[in-house]
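Only the coordinates and a few stated rules stand behind these numbers; no lab work does. Note that the structure is predicted; figures quoted are calculated from it, not measured. Cβ placement follows ideal geometry from the backbone for every residue including glycine, while neighbour counts extend to all protein chains displayed.
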Amino acid sequence: MKLKDLEIFTVAPPAPGWGGRYWIFTKLTTDDGITGYGECYASSVGPKAMAAVIEDVFSRHMAGENPENIELMFRRAYSSGFTQRPDLTVMGAFSGLEIACWDIVGKARGRPVWALLGGKLNDRLRSYTYLYPEPGKESGEFWVSPDLAAAAAARFADMGFTAVKFDPAGPYTIRGGHDPSGSDITRSVAFCKAIREAVGDRADLLFGTHGQFNVAGAIRMGQALEPYGPLWYEEPIPPDNLLNFAEVARAVRIPLATGERFTTKSEFATVLRSGGVRILQPALGRVGGIWEAKKIAAIAEVFTAQMAPHLYAGPVEWAANIHLGASIPNLLMVETIETGGTFHLRLINNTITWEDGYVIAPEGPGLGIDFDEDLARAHPYLGAGLHLEMQETPCAYLQPNRFEGGAPSTQEPV
């Protein structure tokens, strides 16, 4: 069995587009006709450039290789160009290809991927979702209104979710970490207060940010949120100085979570050794794939750290997260787009099940999903933007910052 052919799908989810502007899926086919699907979590170049990187990584390091040889192919890609260090774009490309290899190997053996990772430890995986508005009620106001967020939190808790995430803390910008404005802190506290009152102890509060703050600003914000007992304080500072997380952790009595922008075990090991983070959020389409994430989970065990795989992407990365989570003892929860995401589930023909706040580990061979290629081809991404983008204008201090659902607002602050 040898890897032979590669096909790439760049898919734009229809409005409201939860999960990003586009998703990049890989399809690998072996010389004996077995196909596998993977997903590359969008990197720092556009989709056409990323497709070229994926093609290069495949042809250079994987074509003609046995898909079982995950470690060998990882070492080739990780060492490419005399590097042997984390490379966000190369490892993002490899991740999607690696996930597809696991899908192939599972199908060849007639077993789910979790069975190849040490077996199933967790039948049901606790899941959480961002707070999203009800379908048809999307508005810019939703993202800055504590009352609307609290109503959404109650709605999701009524569905069975035991944790919800929200990120009202203001803009993330190309200027790096900043001090939060007074109104950003006030709004963030108001969100926590309103959501806590709405859900009580039925659901954990997951306070999200996107590396917005400098160390001092992260501490000020975190200390203001402490009375509401969030389960985690996510990515409060940029990921480019891993040791700074420890300084924030020493000053804030909320566990820090991070990892969606990290790649490979080396970056996760650094924050664990420093004592800065105890909840790890690898994006499997970026971190190096399923096997690399399994290694990260094993390292995390030594530090009594927990895993909460990140998802702001499509359903194939979600499936990979679930197989990893089913196989590890230190799973905290997995991120889910609502109860699976309408278009996400359509793309995989509803082959993953969510019920009562949990995702059920698939039993089918490989990833256990049925990827709809026709639907993927019917929704090509034709735009010029990146999956997510930071704003160029700095944080506003004279007026409130509007921050809408994972991307900068297109409106002027009011």
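Table for the structure above
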{"quantity": "In degrees, nearest ten, helix 146-159 long axis to first principal axis of the chain (Cα)", "calculated": "50 degrees"}
{"quantity": "Using a Förster distance of 25 Å, the FRET efficiency for ALA251-VAL302 (Cβ separation, nearest 0.05)", "calculated": "0.50"}
{"quantity": "Helix-only [θ]222 nm of the chain, DSSP H runs n ≥ 4, -39500 (n - 2.57) each, per residue, nearest 500", "calculated": "-11000 deg cm²/dmol"}
{"quantity": "Gyration tensor verdict on the range 162-236 (Cα atoms; rounded if a/c is under 1.5, prolate if a/b is larger than b/c, oblate otherwise)", "calculated": "prolate"}
{"quantity": "Label-point separation in nm, PHE82 to ARG155, each point 7 Å along Cα→Cβ", "calculated": "5.7 nm"}
{"quantity": "For the chain: rounded, prolate or oblate by the Cα gyration tensor [a/c cutoff 1.5]", "calculated": "prolate"}
{"quantity": "The chain: angle of helix 88-109 to the longest principal axis, Cα-based, in degrees nearest 10", "calculated": "50 degrees"}
{"quantity": "Distance from the range 33-88 to the range 264-291 (C-alpha centre basis), Å", "calculated": "19 Å"}
{"quantity": "Tilt relative to the chain, helix 70-79 - C-alpha long axis, 0 to 90 degrees, to 10", "calculated": "60 degrees"}
{"quantity": "Proxy reagent accessibility, fewest Cβ within 10 Å first, across ILE237, ILE254, ILE8", "calculated": "ILE8, ILE254, ILE237"}
{"quantity": "Burial ordering of THR29, THR304, fewest other beta-carbon atoms within 10 Å first", "calculated": "THR304, THR29"}
{"quantity": "Cut-off 14 Å between beta-carbons: net charge of the residues surrounding ALA378, Lys and Arg +1, Asp and Glu -1", "calculated": "-1"}
{"quantity": "Unsatisfied cross-links (Cα-Cα over 31 Å) in the set LYS2/LYS165; LYS137/LYS265; LYS193/LYS295; LYS107/LYS294; LYS27/LYS295", "calculated": "LYS2/LYS165; LYS137/LYS265; LYS193/LYS295"}
{"quantity": "Net charge of neighbours whose Cβ lies under 12 Å from the Cβ of TRP23, counting Lys and Arg as +1 and Asp and Glu as -1", "calculated": "-1"}
{"quantity": "Sorted by Cβ density within 10 Å, fewest first, the residues GLU134, GLU260, GLU338", "calculated": "GLU134, GLU338, GLU260"}
